Amino acid sequence: MTNPLFDTFFGRHAGSERTFLHLPDGSRLSYAAFLALAARMAHGLTSCGLEPGDRVAVQIEKSPEALALYAAAVQAGVIFLPLNTAYTAGELAYFVENSGAKLLVGDPAKQAALAPVAEGLGTRLETLAADGTGSFAAIAAAQPDSFDTVARAEDDLAAFLYTSGTTGRSKGAMLTQANLMSNALTLVDHWRFTGDDVLLHALPIFHTHGLFVATNVILAAGGAMIFLPKLDIDALIAWMPKATTMMGVPTFYTRLLDDDRFTGDLARHMRLFISGSAPLLADTHVAFEDRTGHRILERYGMTETNMNTSNPYEGERRAGTVGFPLPGVELKVTDPETGAEVAQGAVGLIEVRGPNVFKGYWQMPEKTAAELRADGFFLTGDLGMVDADGYVTIVGRNKDLIISGGYNIYPKEIELVLDEQPGVRESAVIGVPHPDFGESVVAVLVPEKGAAPDEAAIAETVSAALARFKHPRRYVVVDELPRNTMGKVQKNVLRDTYKDTFAAPA
Ligand code: MLC
Ligand code: AMP
């Protein structure tokens with residue numbers, strides 16, 4: 001194979017008139033039409049000066065064109081770097097600079113904010129809108145609809161996905177062709193995907209879940225997707241009769257259950273519902289089964305590793321667990337201090353090894369060495385246990401991380417902004433239970449002596465600096481933060497104190 005990832009996911013559909021995407025307006029895009037679009041975009045990337053191994057940073061709304069740009073990057077041997085559309089220009093500047101992206105493809109609506117960033121970094125800026133217009137679309141439109149696929153090896157990099165750490169800036173997780181390919185092929189097999197599957201796709205396509213799990217699985221199986229721009233329960237309910245499968249974060253399932261139109265009848269014909277990216281409450285699992293007769297299949301993964309474990313397709317899908325290690329993935333539970341494996345059934349740090357595990361963090365050898373052992377085991381930062389039947393349960397995190405509606409939020413990043421604000425001596429940002437997002441953000445502020453922090457002004461500054469989903473939804477002011485004898489802030493105490501902040505009224 002000249003380019004294993006392209007050939008496996010895309011090239012083998014050449015000339016196929018089968019439907020790849022069902023679009024919200026009722027129209028369809030065949031594999032052949034999609035590949036022609038991708039080929040024009042691959043020429044577009046080349047004509048913008050990109051060479052194999054260069055990075056293209058992409059912050060655009062979900063659309064067939066946005067997906068075709070992923071295919072184009074793979075075909076041209078360019079490393080694809082998708083970015084959350086909620087990121088502010090300031091946040092985005094870091095990713096573009098750190099990755100050394102030669103080209104930034106952004107939304108035309110954000111051109112004014114992105115132009116100074118691109119100019120300052122010497123990066124070319126082109127635009128692509130969800131309706132298929134924009135300067136990059138114009139460049140691509142003028143190109144031929146076939147492209148000589150650039151040769152790549154399985155060990156070559158296919159994508160960077162940025163993920164934050166407890167301290168410091170975000171790290172670019174380097175994913176190889178083999179990482180993406182091996183995981184998607186395993187999942188196709190494990191979850192019994194075929195060319196007859198139609199996946200209800202309402203996830204964003206700038207993260208592992210929507211792009212590398214949902215999309216790659218469908219591409220590898222040769223199935224179709226109902227490609228919705230975002231989660232919209234009305235659309236999900238309207239389209240469900242045409243789908244066979246759905247993937248979502250737990251919020252998808254709680255929102256469906258909150259809607260009376262989501263009935264057992266509506267879901268009966270479905271083959272499979274899959275959940276991941278955040279813990280699915282056992283209550284949600286049970287309520288979903290009561291309503292529909294389906295047991296949601298929960299799996300566990302992360303940016304650096306794609307998917308690690310999954311409940312079985314056949315066999316018991318056990319609520320509150322993430323199932324068994326996937327074929328080819330080794331999983332062990334270790335003592336966070338010593339690295340020694342703990343006794344079966346004991347809680348420890350989850351470590352994983354397999355063809356799914358990434359190659360390291362871009363230009364951060366120390367961070368790579370700290371998290372990826374020389375023997376290939378990756379320290380996930382998740383705390384878990386394996387029960388006597390082999391089911392893995394995630395019981396917590398050994399990392400200061402909040403997961404809100406499936407998005408990761410790093411408290412440190414918010415604390416750094418808050419600590420700078422007038423009248424604020426220090427801050428602690430915590431995640432507490434939230435009925436819709438699973439967890440949500442509370443900021444605990446300690447004022448300077450005699451000062452009263454101006455909450456509105458602080459919220460405004462936070463708003464300019466950070467993506468909306470990271471914003472604290474509640475601020476509280478306290479005299480001092482609880483600390484242990486070592487002087488470390490006891491976030492567990494704060495989480496307990498504020499655990500009912502977003503509780504629904506009894
Ligand atoms: C949107 N908002 C959020 C939010 N999403 N706030 C906190 N957490 C989130 N996840 C903001 C909006 O900006 C808006 O701000 C307000 O909350 C309400 O918006 P909404 O209309 O209710 O949000 P919605 O568009 O419906 O989005 C919610 C969501 C979405 C859960 C559907 O966030 C989503 O699709 N999440 C999936 C994330 C995902 O794909 N994660 C996978 C990571 S990969 P305002 O201004 O109106 O108040 C990974 C590995 C693995 O983790 O294992 O898969
Ligand atoms: P990300 O860095 O965005 O890829 O997020 C990965 C993290 O999401 C993991 O390290 C886990 O903490 C969490 N996660 C993913 N799937 C699950 C799940 N099914 N249950 C609990 N946590 C999960």
Discussion item. If you split all Cα-Cα distances of segment 47-92 into 5 Å bins from zero, what percentages do you get per bin, shortest first?
Written reply: 5, 21, 28, 22, 17, 6, 0
Worksheet entry | Filtered GluC sites (Glu not before Pro), segment 414-506: DSSP coil and at most 15 other beta carbons within 10 Å | Glu420, Glu448, Glu480
Worksheet, complete the sentence: Exposure-ranked with fewest Cβ neighbours within 10 Å first, Thr380, Thr263, Thr244 stand as Thr263, Thr244, Thr380
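Which value in Å is the Kirkwood Rh of segment 4-153 over different Cα pairs? Please report the intermediate quantities before stating the final value.
On the way: mean 1/r = 0.0647 Å⁻¹.
For segment 4-153, the Kirkwood estimate is 15.5 Å.
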Worksheet entry | Within-15-Å neighbourhood charge of Ala319 [Cβ basis; K, R +1; D, E -1] | -2
Practice prompt. For Arg152, list long-range residues whose amide hydrogen, built 1.01 Å from N in the peptide plane, is under 5 Å from its own amide hydrogen.
Written response: Asn3
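Nearest 5 percent is fine: what portion of the DSSP beta bridges confined to segment 1-145 is antiparallel?
Restricted to segment 1-145, the bridges split so that about 20 percent are antiparallel.
Write down the percent of antiparallel bridges among all DSSP beta bridges whose residues are both part of the chain, to the nearest 5.
Working: 48 of 79 bridges.
Bridges in the chain are about 60 percent antiparallel.
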Worksheet item: Which values, in whole Å and largest first, are the semi-axes of the equivalent ellipsoid of segment 81-138 obtained as the square root of 5 times each eigenvalue of the Cα gyration tensor?
Response: 17, 12, 10
Fill in: Distance from segment 158-234 to segment 61-94 (C-alpha centre basis), Å
14 Å
Practice prompt. Assuming 1.306 mPa s and 10 °C, estimate D for segment 244-310 with Stokes-Einstein, Rh taken as the Kirkwood radius over Cα pairs, in µm²/s.
Written response: 129 µm²/s
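Can you tell me the alpha carbon radius of gyration of segment 141-192 divided by the globular rule-of-thumb value 2.2 N^0.38 Å?
Details: Rg = 16.1 Å, N = 52, 2.2 N^0.38 = 9.9 Å.
Against the empirical 2.2 N^0.38 Å value, I get 1.63 for segment 141-192.
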Worksheet item: Computed over the Cα atoms of the chain, what is the ratio Rg over Rh, Rh following Kirkwood?
Response: 0.96
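Using the 10 angstrom Cβ neighbour count as an exposure proxy, how do Arg152, Arg28 rank, fewest first? Walk me through the numbers on the way to the answer.
Values: Arg152 24, Arg28 12.
Ranked by crowding around the Cβ, least crowded first: Arg28, Arg152.
For the chain, what is the charge dipole size about the Cα centre, in debye to the nearest 20, if Lys and Arg each add +1 at the Cβ and Asp and Glu each add -1 at the Cβ?
Numbers: 43 positive and 61 negative charges, 58 e Å.
Using Cβ point charges on Lys, Arg, Asp and Glu, the chain gives about 280 debye.
All of the numbers you see were taken from the coordinates with simple rules; none came from a lab. The shown structure was predicted, so the numbers you read here are calculated from the model rather than taken from an experiment. Neighbour counts run over all protein chains shown; Cβ positions are idealised from the backbone, glycine included.
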